[in-house]
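Beneath this line is the structure, given in structure tokens, with notes to follow.
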Number of protein chains: 2
Amino acid sequence: MIFPDIDTPAVLVDLDIAEANIDRFQGHCAKHGIAVRPHIKTHKLPKLARRQLEAGAIGITCQKVSEAEAMIAEGGIDDVLITFNILGDAKLARLRALSEKVRLSVVADNTETVDGLSKSFADAATPLCVLVECDTGAARCGVTTPEQARDLARYIDSQPGVTFLGLMTYPPVGQEVAVQEWLTRAKREIEEIGLPVHVVSHGGSPGMWQAQDVPVATEYRIGTYIYNDCSLQAQGVCTWEDCALSVLATVISVPADNRAVIDAGSKVLTSDLLGLEGHGYVMGRPDILVQGLSEEHGVLKADKINLKVGEHIRIIPNHACVVTNMVDQIETIRGDHSLGPVPVVARGKVQ
Amino acid sequence: MIFPDIDTPAVLVDLDIAEANIDRFQGHCAKHGIAVRPHIKTHKLPKLARRQLEAGAIGITCQKVSEAEAMIAEGGIDDVLITFNILGDAKLARLRALSEKVRLSVVADNTETVDGLSKSFADAATPLCVLVECDTGAARCGVTTPEQARDLARYIDSQPGVTFLGLMTYPPVGQEVAVQEWLTRAKREIEEIGLPVHVVSHGGSPGMWQAQDVPVATEYRIGTYIYNDCSLQAQGVCTWEDCALSVLATVISVPADNRAVIDAGSKVLTSDLLGLEGHGYVMGRPDILVQGLSEEHGVLKADKINLKVGEHIRIIPNHACVVTNMVDQIETIRGDHSLGPVPVVARGKVQ
């Protein structure tokens, strides 16, 4: 029986593996002179954020104001980039309060967002640092041409309460050459109007080992790398042995020789497929397909399922970042040794 | 601006619509002499469970022990069926404690589960009621033949601490004739060995208006019907006007004439597709496709997107039951009137 004392379903995080993942990528970036700014969306744990900073990260990335608030509450984190257009009086007031506690920067890809930030920080002692978000091919947020990046940088520079800091992109995977060209052109355009570009921020776990292939960039944002998952394993970015997060589940039914059912469904593993077949990898059982998930059931198929009712199994999920967000606490382990639960402090912080 | 005072993303629940949904299905079942036992997995709110009981429901259904614990803590709920094989000393001890607070029944589809229940309840004042879970075609849990159902009923009857109550199935959609045949045969087999079958429980929102087409059944379990969603609308079970749950989101970027980005991603809307195209229905804008979700971003596409940065929109999700589980609180509304937040008491209760 694996971890007989942990009730299921539970999200296990092996701290030995997580720490090795942190250190390996930090070492890679140190070698190439790239600053690392981990995205805490994956773990949502102040303790692991502090471990990332101790390893050499320059600060953290958050996606939402509430994530940042939760992450800094315990102390030990003093530099936060929020990579999101922040809009609305309620969030802007909270952002202003945050700026009094940590070194804070945000992004914008439109003038409406800049106007809100400017109004909120107009009477601040120091202006808020703003990066222009650039769409270098991922077709999510971001200005869509280097000229638009220049114009928005100029607009930020012209407004009270805010100061232009640089460029940020959530890049398309495997397009390092195009991303480098885009950002280089934008940087040149902006420098030609007399504005320095202090920071050029890109990132993403799928492209982590190619971080140095965008040399115009100064920092790399990265989230999933701390835990890894089936998606990154399938892309060759990590091995199964590098996967720090798994879901511990109990076999609750073996209705047929080729089918078993576990007590983990989409309310733990989530429905994220990320292009994969099945809903995770059963550790040590590559012959099993996690075929389907109901909310609280997972259906496993194999030619010979060979599992017993009551047995524990571990599943590496397709996408670690969304799994950690499903539970109020994770169970920390080191190898076979259980260290106990840790609350997922920033879970559900979507505002 | 829709609900300008509610920060986004937020999960809105229109209580007028939810109450009408409760009453409409209760009326349908009353007409056909079917007992209703709502599944609280959809709302996870004691307040709405009590409203379902006031309308005439005979008790509630939970999937997990922790859900049941959370639901009964406030009082007013005294009859709970947990439709899950409960295994392991920790959960069995909690189940025993629960049984001292409410009228409790559970299911089993294997002897290992019955043995655990029997051992835990061997010295209880009254035996625990157990239904045999039957696989009538959905290929999840359940004994796979009526003869197995009979044998397991006999086994339950032979063990201390437990008593056989009846049959339960999570039926395949649209197979009422086959389900009726399966359950009728199982009931006859069991009655032939001298055991009464007091309860035959089936259910599911997709087949709700055909509940009476399985006349051997005594009760109907139903969850999603209280809120409804895109999946049920697509199956013709409800109209858009019957959808009580929506996600309020802010447009944070309009990078192109045909694209906008909102502040709700898979950490609110979830990745559940349920066979649909896109990730939800933008209320009043059938021309918009919710094309893709990142964790905190949703990308909307339309020939002319015609949305403004800062604007609020409402999205009916593909699957309401998983959305309510993503947030610590929902925002209750009646029409255009906001009534304030309500904590999702049983959110994340997966054990």
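Answer yes or no: is there a residue in the stretch A:13-31 that is part of a loop (DSSP other than H, G, I, E, B) and not hydrophobic (A, V, I, L, M, F, W, C). Within the stretch A:13-31, not a single residue is part of a loop (DSSP other than H, G, I, E, B) and not hydrophobic (A, V, I, L, M, F, W, C). Scanning the stretch B:51-110 for residues that are among the polar types (S, T, N, Q) and at the interface with chain A (Cβ under 9 Å from one of its Cβ atoms) returns B:Gln63, B:Asn85, B:Asn110. Among the residues of the stretch A:179-227, those identified as touching a residue at least 24 places away in the same chain (Cβ under 8 Å), more than 17 Å from A:Ala35 (Cβ to Cβ) and in a loop (DSSP other than H, G, I, E, B) are A:Ile193, A:Leu195, A:Tyr227.
Quick test for you: out of B:Leu300, B:Leu339, pick the one residue that is more than 10 Å from chain A (Cβ to nearest Cβ), within 18 Å of A:Glu112 (Cβ to Cβ), modelled with pLDDT of 95 or more and more than 19 Å from the chain's Cα centre (by Cα). That would be B:Leu300, the only listed residue that is more than 10 Å from chain A (Cβ to nearest Cβ), within 18 Å of A:Glu112 (Cβ to Cβ), modelled with pLDDT of 95 or more and more than 19 Å from the chain's Cα centre (by Cα).
The number of residues in the stretch B:243-295 that are over 16 Å from B:Thr8 (Cα atoms), aliphatic (A, V, I, L, M), buried (at least 21 other Cβ atoms within 10 Å of the Cβ) and away from chain A (no Cβ under 13 Å) comes to 3.
I want to confirm something. Restricting to the stretch B:111-135 and keeping residues that are crowded, with 21+ Cβ neighbours inside 10 Å and within 10 Å of another protein chain (Cβ to nearest Cβ), which single residue is farthest from the chain's Cα centre (by Cα)? Restricting to residues being crowded, with 21+ Cβ neighbours inside 10 Å and within 10 Å of another protein chain (Cβ to nearest Cβ), the top hit is B:Gly116. Checked across the stretch B:321-328, the condition of being among the hydrophobic types (A, V, I, L, M, F, W, C), surrounded by fewer than 23 Cβ atoms within 10 Å (Cβ to Cβ) and in contact with a Cys (Cβ under 9 Å, 6 or more places away or on another chain) holds for no residue.
Per-residue answers, yes or no, for (1) crowded, with 24+ Cβ neighbours inside 10 Å; (2) in a loop (DSSP other than H, G, I, E, B); (3) aliphatic (A, V, I, L, M); (4) within 26 Å of the chain's Cα centre (by Cα):
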{"site": "B:Gly137", "(1), (2), (3), (4)": "no, yes, no, yes"}
{"site": "B:Gln148", "(1), (2), (3), (4)": "no, no, no, no"}
{"site": "B:Leu167", "(1), (2), (3), (4)": "yes, no, yes, yes"}
{"site": "B:Gly174", "(1), (2), (3), (4)": "no, yes, no, yes"}
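When you check A:Ser205 against the structure, is it assigned by TED's automatic domain parsing to the domain that holds A:Ile82 and surrounded by fewer than 18 Cβ atoms within 10 Å (Cβ to Cβ), yes or no? Answer is no for this residue.
Screening A:Asp16, A:Asp7 for residues that are out of contact with any Cys (no Cβ under 9 Å at 6 or more places or on another chain), within 13 Å of chain B (Cβ to nearest Cβ) and surrounded by fewer than 24 Cβ atoms within 10 Å (Cβ to Cβ) leaves exactly one candidate, A:Asp7.
Could you check, for the stretch A:32-40, whether at least one of its residues is without any contact (Cβ under 8 Å) to a residue 12 or more places away in the chain and not assigned by TED's automatic domain parsing to the domain that holds A:Ile77? Steps first, please.
Of all residues in the stretch A:32-40, those without any contact (Cβ under 8 Å) to a residue 12 or more places away in the chain come to A:33.
Filter again for not assigned by TED's automatic domain parsing to the domain that holds A:Ile77, leaving none.
The answer is no; no qualifying residue exists.
Taking (1) under 16 Å from the mean Cα position of the chain (by Cα); (2) in contact (Cβ under 8 Å) with a residue 40 or more places away in the chain in turn, A:Glu241 satisfies each apart from (1). Restricting A:Ala70, A:Ala55 to residues that are under 29 Å from B:Gln351 (Cα atoms), buried (at least 17 other Cβ atoms within 10 Å of the Cβ) and either of a type in the set (A, V, I, L, M) or in contact (Cβ under 8 Å) with a residue 60 or more places away in the chain (or both) narrows the list to A:Ala70.
The values are calculated or read from the model by the stated rules, or taken from the named source; none is laboratory data. These numbers come from a predicted model, not from an experiment. We place every Cβ from the backbone using ideal geometry, glycine too, and count neighbours over all the protein chains shown.
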